Amino acid sequence: MTQERDQMRNLNNGIALLAAMLFGAAGPVRAERPMNVDDAGTLDKGGAKLEFGWAKDDETRGIEGAAGYAPIDNLELEIGLGRARDHSASPTETIHGHGLAVKWVPLQAETGLSAGLKYEYGRDRVEGVSTRVHALSGLLTWAFGGGQLLHVNLGREIERERGDSEEANTWGAGLDLPLTEQFHVVAETFGAEGSGPDRAAGLRYEIAEGLKISGAVGRGNHRNFANAGIAWEF
């Protein structure tokens, strides 16, 4: 019985970390929509981006916004805000979250290997209880000659709440496949230590230069999740 309780506790911790990636603490700072697996790339020096979207994770639904800026070459700064409601709770709980991220990618190539690091800090608040997440991830992207991209993320997250701390390794792998110059299909799988993998697929379309709409649906750990949004890079 003790072993079963430990296994269930590890599973719950893993699911909680995955939920934090989509909402609240780490959720508002995400990879290029609609993916959760990040790419090893940054905005050009002086470039900026704005994002707005909707997301759901099982019975939790909310909206999120983010902004990014590249002050120098190979470095990108991001901030994000989010608000969601957990309809599985009685009464319904509201989650307020904000986050920031620093992405450094010293190796960037048009074809072949790009590599870098990303640090994320997030905080969410539910009914007066705050949760903080620190995450560090290694980012790898392989760009094929035909424009296809393969992304791999490996990292570590620390979640702290009321003096308690939980740590878990995280991972992810994703494909970005251009059908045309404007229209891309994406697919990914990602997860955290102590839980099963999540899998998702989606579409991205550039309706004007730098302006993209996207959406994705996924399933994992006995739940469905989805996101849709718009992003503008300038």
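Observations, loosely collected:
- Mean-position separation - Cα centroids, region 205-234 and region 87-135, in angstrom: 17 Å
- Take T60: with every protein chain present and a 1.4 Å probe, its accessible area is about 20 Å².
- Converting phi to 3J(HN,Hα) with the Karplus coefficients 6.51, -1.76 and 1.60 and the offset θ = phi - 60°, region 121-128 yields 10, x, 9, 10, 9, 10, 6, x Hz in sequence order, with x at every glycine or proline.
- Helix-derived mean residue ellipticity, 222 nm - over the chain, DSSP H n ≥ 4, -39500 (n - 2.57), to 500: -3000 deg cm²/dmol
- Local net charge near L203, Cβ-Cβ under 15 Å (Lys/Arg +1, Asp/Glu -1): -2
The values are calculated or read from the model by the stated rules, or taken from the named source; none is laboratory data. In this text, all values refer to a predicted model and were calculated from it rather than measured experimentally. Cβ: placed from backbone, ideal geometry, glycine included. Neighbour counts: every protein chain shown. Ligands, DNA and RNA are stripped out before the accessible areas are found, and what is left, the full protein with its side chains, is counted by its heavy atoms. Shrake-Rupley method; radii C 1.70, N 1.55, O 1.52, S 1.80 Å.
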